[in-house]
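Taken together, the values in this text are just the output of simple stated rules run on the coordinates, not laboratory data. What you see is a predicted model, and the numbers here were worked out from it, not measured in a lab. Every residue, glycine among them, receives a Cβ derived from its backbone with ideal geometry; neighbour counts consider all protein chains shown.
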Amino acid sequence: MSQPSSPIQTALLLRVLALITFPLGVVVAALMERSVLTVAALAAGMLVTSWVERFRLHRVAGHEGYPQVTGLLPGFAIRAGLLAGLFIVCLGILALFRETALARGVGLVDAGLVCAVTGLALLANGISARIAGSQVSAVMSQFRAGFPAEGSAPAGEGPGDIIEGEVLDRD
C-alpha cells in the first residue's frame, strides 16, 4: 500500500479507519467468544462516536446549542442490529471449526475492548477533523489572498471600474 501523499488523503484514511474499527471490534469479540452484551456496548460506543462528530459538525456550521436527539434510538437500533448480524455470522463461521461457548457476563475484557475501539475511532476522527480544518483554512487564506482587502481602494478610485463584466480604464 502506498503512503498517502496529501493531508486530505491522510484525513480520509483516518475516517475509513474510524468506520471499520467497530466491525473489527465485533469480529474480535466473536473470536474471543465474549458476551452478546459486548455487541450492544460496541453499538453504544458507535453511537457516542457519531454523536461527537455531530457536535463537531454542528459547531463548525456555526450553530449554537445542541443538535437534535430525535435519531438516537433508531440509530442505536440500526447499529446494534448490524453489529449483531456481523457477530452472528462470525460466530457461525467460528463454530464450523471449533466448539464455541459465549461468556455469560460482561467483564473487564469487554470493557477494555469497547473502550479501546471507541477511543481509537474518536482519536482517528479527531485527528482527521484537525487535518481537514487546517486544509480548509489554508485554502480559504489562499482564496482571500487573491482579492484585494476590503477598503484598500475605495469605489471609483481604483485602476478602473467593472461595468457588466468589463474592466473600463479611467483614461
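Brief remarks follow.
- Zone residues, the range 79-103, relative to L37, backbone N less than 13 Å from point 7 Å out along Cα-to-Cβ: 103
- Mean Cα-pair separation over length for the range 7-141, i.e. relative contact order, pairs under 8 Å, 6 or more apart, %: 50
- Gain on full stretching of the segment that runs from R59 to I88 - 0.36 nm per residue minus C-alpha separation: 6.6 nm
- In this Cβ point-charge picture (+1 for Lys and Arg, -1 for Asp and Glu), the range 4-97 has a dipole of about 120 debye about its Cα centre.
- DSSP-assigned coil residues among GluC sites (Glu not before Pro) in the range 1-106, each with at most 11 further Cβ atoms within 10 Å: E64, E99
- Calculated P(r) tail over 13 Å for the range 34-75, as whole % of Cα pairs: 59
- Computed from the C-beta positions of A145 and Q68, the FRET efficiency with R₀ = 30 Å rounds to 0.20.
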